[in-house]
Amino acid sequence: MATVELRFSALPEHVRTARLVAAAVARRAGVDEAVLDEVRLAVGEACSRAVGLHQSVGITAPVKVLLIEEEKQFSIEVGDEAPRSAPGDRAPGSGGDVEAEEDEMGLAVISGLVDDVEVTAGEHGGQIRMTWPRASAAATPV
């Protein structure tokens, strides 16, 4: 299992870099070319969400992205350190209904782009795990 770890300051201008790195690693891992745009968009949405959560409560820790190549699948985990009590909850003191609606919209966009999504959150932050089949694994008869 090969893993690439990317950490970046919680600034919007770094989201583009995360998208480009994710697409390059996904291509190398054997993700179908037709899915690479979805990978880029989903990673961009997840990273933008993490940046927004960090900025809303003044967290200076970096956003963490793991790109994990497994035998039959490729996964991307985007983690933040904004405390929440349940998936989709905003960090304490982070703002109002508009931010909560944007957060839910971001999760809906990700869910529309990726078939296999897992969102977790807790007092130490949250994580979005997105998984795609590798083209070579999908083509192999079972």
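The values are calculated or read from the model by the stated rules, or taken from the named source; none is laboratory data. In this text the structure is predicted, and so the values were computed from the model without any measurement. Positions of Cβ are generated from backbone atoms using ideal geometry, with glycine treated the same way; all protein chains shown enter the neighbour counts. Accessible surface areas use protein heavy atoms only, side chains included; no ligands, DNA or RNA. Shrake-Rupley method; radii C 1.70, N 1.55, O 1.52, S 1.80 Å.
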task = Taking the options Val65, Val39, Val57, Val25, name whichever one is among the hydrophobic types (A, V, I, L, M, F, W, C) and modelled with pLDDT under 95.
result = Val57
task = Please indicate, with yes or no, whether at least one residue in region 40-60 is surrounded by fewer than 18 Cβ atoms within 10 Å (Cβ to Cβ) and under 21 Å from Leu113 (Cβ atoms).
result = yes
inquiry  = Here are the criteria: (1) open to solvent by 30 Å² or more (accessible area, probe 1.4 Å); (2) touching an Asp or Glu at 6+ places or on another chain (Cβ under 8 Å); (3) closer than 23 Å to Ala121 by Cα. Tell me which single one Ile68 does not satisfy.
reply    = (1)
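Quick one: which residue in Val4, Val25 is over 20 Å from Gly106 (Cβ atoms), within 15 Å of the chain's Cα centre (by Cα), surrounded by 17 or more Cβ atoms within 10 Å (Cβ to Cβ) and not polar (S, T, N, Q)? Spell out how you get there, then give the answer.
On the way: Val4 fails: surrounded by 17 or more Cβ atoms within 10 Å (Cβ to Cβ).
From the options Val4, Val25, the qualifying one is Val25.
Is it fair to say Glu77 is among the charged types (D, E, K, R) and open to solvent by 40 Å² or more (accessible area, probe 1.4 Å)?
Values: among the charged types (D, E, K, R): yes; open to solvent by 40 Å² or more (accessible area, probe 1.4 Å): no.
Against the criterion (among the charged types (D, E, K, R) and open to solvent by 40 Å² or more (accessible area, probe 1.4 Å)), Glu77 does not qualify.
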request  = Say whether the condition of being at pLDDT 95 or above, surrounded by fewer than 18 Cβ atoms within 10 Å (Cβ to Cβ) and touching a helix residue (DSSP H, G or I) at 6+ places or on another chain (Cβ under 8 Å) is met by at least one residue in region 81-90.
outcome  = no
